[in-house]
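*Asks:* Would you mind keeping the following structure in view while I ask a few things?
Where a number appears in this text, it was derived from the coordinates with a stated rule and is not lab data. For clarity, every value in this text was computed on a predicted model and none was experimentally measured. With ideal geometry, Cβ positions are generated from the backbone for all residues, glycine too; neighbour counts draw on all protein chains shown.
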Amino acid sequence: IVNIKINNIPVQVESGATILEAAQVAGIKIPTLCYLKGLNKSGACRVCLVEVKGAKNLAASCNYPVSEGMEVFTHSERALSGRRNSVELLMSNHNKNCLSCKRNQTCELQTLASDLNIRENKYEGHFSKPTFDEVSPGIVRDTSKCVLCGRCVSACKFYQGLGVLSFQGRGFESKVGPVFDKSFNEVNCIQCGQCINVCPVGALTEKENIHDVFMALNNPNKHVIVQTAPAVRASLGEEFGYPIGTRVTGKMVAALKRCGFNRVYDTNFGADLTIMEEGTEFIGRVQKGGTLPMITSCSPGWIKYIEYEYPELLPHLSTCKSPHMMLGAIIKSYYAKTKGIDPRNIYVVSIMPCTAKKTEILRPENRVGDIQDVDAVLTTRECGRLIKLFGIDFNNLQDEEFDQDMFGEYTGAGVIFGASGGVMEAALRTVKEILENKPLDELDFTEVRGMGGIKEASLQIAGLEVNVAVASSMSMAKGLLDQIKKGTSKYHFIEIMGCPGGCINGGGQSIVPASIRNAEAMNNFKNLRAKTLYDEDLDCEKRKSHENEQIQQLYKNFLGEPCSHKSHELLHTTYSK
Ligand code: HC1
Ligand code: SF4
């Protein structure tokens, strides 16, 4: 324990704590920019400067350790002017087209300038030569907005183990980006968007497709169907000021209906369908000696990763397309046929918590003939913007239900897909019940829940011991993949998701500002979002995918049985390097 004084207030903290952490204990807010708890504390931005009595220079509080008897002044004239100077210098080389920036009102630099009462551009002048890259389907990089905080560099390195982003160039011409200033398309970027989620400004953003969707909605020849991913309902509310973890399923549906979509469906139906196909595929591999462990294939960032880094393990991937692609393929075949609509006139929009899904829909593997399964992907953030564009008063909407015809039903198993471990749990509910041919005693497979890096369980299913593992983020998946490569993996079934915590923390979800990330326990916002999905699961009358009656109808009327010839034609694919 160390005793210090901050602004003359005595504070006791653990030794090794930083001044910033001590200030938090004392309830004093020191602004930060490059600092992110558990991820980045280089002190490079010099925004968290404080005055330490007796020290010659101002100290970056995020990485300056406390010592016994230290006296700190966080808001003295000297500290404040140092901090203002740091922000004014950042502003001097910043593209200030704030009014048209995607991060307007969620920009941390904007907030800092406002909080520090900065009223002029003190150092207006020379700008470095910017890079604007919008070549890849998912991510846009605009270095004219970059503040060189390095948060994205750390996210890519520590969450994904990839190091796609690094500091390039020197001095005034320093930039953050892929090596040699290449486009994201030319390097091993998996388009996960984790770098976007930690960017404090508008330097990294998703590629917007709002205009495409708007035009489709205004085209009288198009029958426009929207589907919403499980995790979107757990975050969309944040775009409208609701606290993290507010479930807005009913308002989301009501808003999308008001946007003019002809049908509003839930990707959860596709998730239930995925379980039927993937569960059957798994049982087949176990019974017929197929490639094990089988690994889930719904996260397109993860698919890119295995293609880039472990192509020799591709036979381990399930051949299932991801749930929203499956629903897209079914809409353009079964739905089109039933409703008598030419599939070329159907436009499917997926609202996803994910930027990699924008890449996934363009892949030739995800087409049937020349027809794309899904036509456009909007992130949760873009969905918020679309709703605002239509002038819809989201907060005052009454809850509405998804369209019930054909794909309206979903089970709790589909909902939990959005949290890491959810696909595994959903699969286990179905696989165990089908193989044992009796109702499950226990539906909650809690061993695979939560924000742990790698979760595992060993289960008895119909007399067989089945070992399963769950990993989210590529740095966590790596260990499991290395085991398979070495031939030492004990697992039969593995779930891998591209983003830490799963889709609830996807690269297209609402931005969680550093002020929240740094003030709370590290996984708090992920747990809050995941809880909304587990709560919705509990509220569902049916919680096992195979009990979904509309799925049963789909098999009876159209597909035949899981993994049938028709299923393979529409719902499965294979990836190759
Ligand atoms: Fe996901 Fe999935 S859960 S991949 O995380 O399998 O994006 O939510 O829609 O398709 O269902 C994302 C979420 C999503 C698919 C499903
Ligand atoms: Fe790295 Fe993902 Fe960003 Fe690509 S999208 S640079 S892989 S964090």
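*Asks:* Please compute the length gained on full extension between VAL368 and LYS129, using 0.36 nm multiplied by the number of residues separating them and subtracting their Cα-Cα distance.
*Replies:* Working: separation 239, 0.36 × 239 = 86.04 nm, distance 4.38 nm.
Here the segment from VAL368 to LYS129 would lengthen by 81.7 nm.
*Asks:* With N residues in the range 101-206, what two-decimal value do you get for its Cα radius of gyration over 2.2 N^0.38 Å?
*Replies:* Details: Rg = 14.1 Å, N = 106, 2.2 N^0.38 = 12.9 Å.
Output field value: 1.09.
*Asks:* Could you tell me whether the range 408-484 comes out rounded, prolate or oblate from its Cα gyration tensor? Rule is a ≥ b ≥ c as square roots of the eigenvalues, rounded for a/c under 1.5, then prolate if a/b exceeds b/c, otherwise oblate.
*Replies:* oblate
*Asks:* Now, a different point. Taking H as built 1.01 Å from N, whose amide H comes closer than 5 Å to the amide H of VAL377, not counting residues under 5 places away?
*Replies:* HN-HN under 5 Å from VAL377: SER350.
*Asks:* At 7 Å along the Cα-to-beta-carbon direction for both ALA521 and ASN467, put a label point, then send me their distance in nm to one decimal.
*Replies:* Reported label-point gap for ALA521 and ASN467 is 3.0 nm.
*Asks:* For the range 187-305, what is the convex hull (Cα atoms) projected area averaged across all directions, in square nanometres? Numbers along the way, then the final one.
*Replies:* On the way: hull surface 44.3 nm².
Projected over every direction and averaged, the Cα hull of the range 187-305 covers 11.1 nm².
*Asks:* With label points built 7 Å along Cα→Cβ from the Cα atoms of SER15 and LYS556, find their separation and express it in nm.
*Replies:* 7.3 nm
*Asks:* Rank the residues GLU442, GLU108, GLU360 as a footprinting-exposure proxy: fewest other Cβ atoms within 10 Å of their Cβ go first.
*Replies:* Values: GLU442 8, GLU108 22, GLU360 28.
Fewest-to-most Cβ neighbours within 10 Å comes out as GLU442, GLU108, GLU360.
*Asks:* Please report the relative contact order for the range 354-432, taking Cα pairs under 8 Å with a sequence separation of at least 6, and give it as a percent rounded to a whole number.
*Replies:* This gives 16 percent for the range 354-432.
*Asks:* Please list log₁₀ I(q)/I(0) at q = 0.14, 0.24, 0.26 Å⁻¹ for the range 435-474, using the Debye equation with identical point scatterers on the alpha-carbon positions.
*Replies:* Once normalised to I(0) and log-transformed, intensities are -0.39, -0.89, -0.96.
*Asks:* Now, a different point. Principal axes first, then extents: for the Cα atoms of the range 207-260, list largest minus smallest coordinate on each axis, whole Å, largest first.
*Replies:* Extents along the principal axes, in whole Å: 38, 24, 18.
*Asks:* With every atom except the alpha carbons ignored, what do you get for Rg and Dmax of the chain, in angstroms?
*Replies:* Every Cα atom of the chain included, Rg and Dmax give 24.9, 80 Å.
*Asks:* Still on this structure: Among ALA271, VAL248, ALA477, which residue has its Cα positioned farthest towards the positive end of the charge dipole of the range 211-571, with +1 placed on the Cβ of Lys and Arg, -1 on the Cβ of Asp and Glu, and the dipole taken about the Cα centre?
*Replies:* ALA477
*Asks:* Can you tell me how the range 297-448 classifies by the Cα gyration tensor, rounded, prolate or oblate, using a/c under 1.5 as the rounded cut? Write down the numbers at each step before the final one.
*Replies:* Numbers: a/c = 1.44, a/b = 1.19, b/c = 1.21.
Judged from the Cα gyration tensor, the range 297-448 comes out rounded (a/c under 1.5).
*Asks:* Right, here's the next one. Note down the magnitude of the dipole of the chain about its Cα centre, charges +1 on Lys and Arg C-beta and -1 on Asp and Glu C-beta and zero elsewhere, to the nearest 20 debye. Working shown, then result.
*Replies:* On the way: 65 positive and 65 negative charges, 345 e Å.
Once rounded to the nearest 20, the dipole reads 1660 debye.
*Asks:* Say a paramagnetic label sat at a point 7 Å from the Cα of ASN221, along Cα to Cβ; which residues of the range 367-400 have their backbone N under 17 Å from it?
*Replies:* 371-372
*Asks:* Then there's this: Using a simple spin-label model with points 7 Å from Cα along the Cα→Cβ vector, what separation in nm is obtained for LEU314 and GLU71?
*Replies:* 6.8 nm
*Asks:* Continuing with the same structure: Quick one: compute the contact order of the range 101-206, relative version, from alpha carbon pairs under 8 angstrom and 6+ residues apart, as a percent. Intermediate values should be presented prior to the final figure.
*Replies:* Values: 150 pairs, mean separation 34.9, N = 106.
Rounded, it is 33 percent for the range 101-206.
*Asks:* Starting with the fewest neighbours, write out ARG233, ARG543 ranked by other beta-carbon atoms found within 10 Å of each beta-carbon.
*Replies:* Ordered from fewest to most neighbouring Cβ atoms within 10 Å, ARG233, ARG543 come out as ARG543, ARG233.
*Asks:* Further question on the same structure: Helix-only mean residue ellipticity at 222 nm, the chain, DSSP H runs n ≥ 4 weighted -39,500 (n - 2.57), per residue, nearest 500. What is it? Mind dumping the intermediate values first?
*Replies:* Numbers: 20 runs with 189 residues, N = 577.
It comes out at -9500 deg cm²/dmol, rounded to the nearest 500.
*Asks:* Run a plain Debye calculation on the range 2-92 (Cα atoms as equal point scatterers, no solvent) and give log10 I(q)/I(0) at q = 0.14 Å⁻¹, rounded to two decimals, same order as the q list.
*Replies:* The calculated log intensity ratios at q = 0.14 Å⁻¹ are -0.44.
*Asks:* In whole Å, largest first, what are the principal axis extents of the Cα atoms in the range 502-553?
*Replies:* Over the range 502-553, Cα extents along the principal axes are 48, 21, 12 Å.
*Asks:* For Cα pairs less than 8 Å apart in space and 6+ apart in sequence, what is the mean separation divided by the residue count of the chain, i.e. the relative contact order in percent? Could the numbers behind the result be given before it?
*Replies:* On the way: 1158 pairs, mean separation 91.3, N = 577.
Averaging sequence separation for qualifying contacts and normalising by length gives 16 percent for the chain.
*Asks:* Rounded if a/c is under 1.5, else prolate if a/b is larger than b/c, else oblate: which is the range 287-356, with a ≥ b ≥ c the root eigenvalues of its Cα gyration tensor?
*Replies:* Details: a/c = 3.44, a/b = 1.80, b/c = 1.91.
Note, shape of the range 287-356 comes out oblate.
*Asks:* Could you line up GLU561, GLU68, GLU238 from fewest to most neighbouring Cβ atoms inside 10 Å? Show your work: numbers first, answer last.
*Replies:* Numbers: GLU561 12, GLU68 9, GLU238 23.
Lowest to highest Cβ neighbour count: GLU68, GLU561, GLU238.
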